[in-house]
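Worksheet: the structure to be examined is printed underneath.
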Amino acid sequence: MKTRRTTLLLRVGLVGLLIAAAVVSGVNFVLLSKVVRDAAEIQRCQRALTDSYRALGAVATGEAPNDAAYLAARQADIAARSHRLATSVGALSDTSVYALRSAALVSFGALFLAILFAGLFFRRIGRPVEILLEAKDHYANGELDYHAPVGARGEMGDLVDTFGRVAGRLKNALDELNRQRSTVESRVRCATADLRTLSLTDELTNLPNLRHLREVSVDALRHASETRTPLLLVLIELDDFKSFNDTFGREAGDLALVAVARCLRSAAREVDFVSRYGGIRFAVLMPGVPAIPDEFRGHFRTGIDAVRKLIHRRTGMDIALNVSIGAGQCPEHGDSLFDLARVADRELQESRPSARDEQPAPTPAAAQG
């Protein structure tokens, strides 16, 4: 409704200017036509008067009839023509003054209407457009919280206000998008951390896996080489685990691996890094010791015995849960995880029951520490 009213007002103003221009042009045309006609009449009167004066002069010089009656008639005609010429000149003067006054009045009225229309146009359209352009510069620079002043009424003022409200909604949408992006980034970071944890953790025993051991060993070996302090890699493997699985089943084998992992956690120090090396092997990275501590052997053996006794109490069976242990030491046996694992594997193979010919075969209830 406001749009129709302002459009109508602008149309009326434009039509008014056109009508004023037409009126001014028509009035000036009529007045100028009158002036032209009067000027032509004056010229005709002047020519007639000139002819009369020439005829009178001819009479005076004897070139025309020289009687008193003729001279009186010529003088009367000259007087009449002079009076008519004076009347025409006076009328022309009055018409010219009236024409000039009318033209000035109409021109002033048209100028006033033009100024009024220009002011109305600037108020209705010019100033709001200026405000919109200024707001556009602020919004283009990212200042979405900028509030454009409403400098006009009607639909242009509504347009400025709507423009500001749209920018405000856009800012709110961007803020919400930033919050959602922060939330998504946080979830992605958490998911990435979880994935990294999963990629570095053994699913069955929840111990660090071989990949994690490799990452940790890089810094540990570098520190050991720089400080000249010993670093020990201990490998632990369950003996004849295939027979154990065949006898008790895979689920029992998985439970045995979990039990060994718990025993290793309990026997290791806080600075030791316990991991599942792969399959039935476990690894313990021990910084600061040149050989396997007796305390570690004792705690680990005690843990294995406790697991065996727990199974015996619950099932009534004595299981042969035997392990073999080997160790490699940095820098004596090398300065890489591969070198230490190779030495520890060789020592582990030598410590197997089949390699100890002089020792009697273990009973099912005995554990190799």
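Using per-residue counts of other Cβ atoms within 10 Å, averaged over each peptide, order 188-194, 331-337 from highest down.
Values: 188-194: 10.0, 331-337: 16.1.
For the peptides 188-194, 331-337, the packing ranking is 331-337, 188-194.
Any idea what the dipole of segment 210-355 comes to, in debye rounded to 20, about its Cα centre with Lys/Arg Cβ at +1 and Asp/Glu Cβ at -1? The partial results should precede the final answer.
Numbers: 20 positive and 21 negative charges, 91 e Å.
Its charge dipole is roughly 440 debye.
Over segment 210-355, what is the relative contact order in whole percent, taking alpha-carbon pairs under 8 Å and six or more residues apart? Working shown, then result.
Details: 217 pairs, mean separation 49.9, N = 146.
Over segment 210-355, the number comes to 34 percent.
Amide H to amide H, which residues 5 or more places from Val323 or on other chains are under 5 Å from it, using H placed in the peptide plane?
Asp239, Gln368
Of Ala306, Thr229, His212, which is farthest along the charge dipole of segment 210-355 in the positive direction, counting Lys and Arg as +1 and Asp and Glu as -1 at C-beta?
Looking along the dipole axis, the top candidate is Ala306.
Tally Lys/Arg at +1 and Asp/Glu at -1 over every other residue whose Cβ is under 14 Å from the Cβ of Leu264; what's the total?
Values: positive: Arg262, Arg265, Arg269, Arg276, Arg281, Arg297, Arg301; negative: Asp202, Glu237, Glu270, Asp272, Glu295.
Overall, the nearby charge balance is +2.
Ranked from highest to lowest mean number of other Cβ atoms within 10 Å per residue, what is the order of the peptides 282-291, 300-309? Let's see the in-between values first.
Working: 282-291: 19.6, 300-309: 17.9.
In decreasing order of mean packing, 282-291, 300-309 become 282-291, 300-309.
Run the quick spin-label model on Ala80 and His138: label points 7 Å from Cα toward the beta carbon, then report their separation in nm to one decimal.
Going from the Ala80 label point to the His138 one covers 8.6 nm.
Can you give me the distance in nm between label points at Val188 and Thr162, each placed 7 Å from the Cα along the Cα-to-Cβ direction?
3.7 nm
Sort Ile236, Ile325 so the one with the fewest other Cβ atoms within 10 Å of its own Cβ comes first.
Lowest to highest Cβ neighbour count: Ile325, Ile236.
Can you put Asp77, Asp137 in order, fewest other beta carbons within 10 Å first? The partial results should precede the final answer.
Working: Asp77 16, Asp137 10.
With the fewest neighbours first, Asp77, Asp137 line up as Asp137, Asp77.
Ranked from highest to lowest mean number of other Cβ atoms within 10 Å per residue, what is the order of the peptides 168-180, 338-350? Could the numbers behind the result be given before it?
On the way: 168-180: 11.4, 338-350: 17.5.
Going from most to least packed, we get 338-350, 168-180.
How much length is gained on full extension from Val15 to Phe112, taking 0.36 nm per residue of separation minus their Cα-Cα distance? Intermediate values should be presented prior to the final figure.
Details: separation 97, 0.36 × 97 = 34.92 nm, distance 1.45 nm.
Answer, rounded to one decimal: 33.5 nm.
Against the 2.2 N^0.38 Å scaling, with N counting residues, where does segment 210-355 land? I'd like the Cα-based Rg ratio to two decimal places.
Numbers: Rg = 15.8 Å, N = 146, 2.2 N^0.38 = 14.6 Å.
Output field value: 1.08.
Laboratory data are not the source of any read-out in this text; all were calculated from the coordinates shown. Keep in mind it's a predicted model, so treat the numbers as computed, not measured. Backbone-built Cβ (ideal geometry, glycine too); neighbour counts: all protein chains shown.
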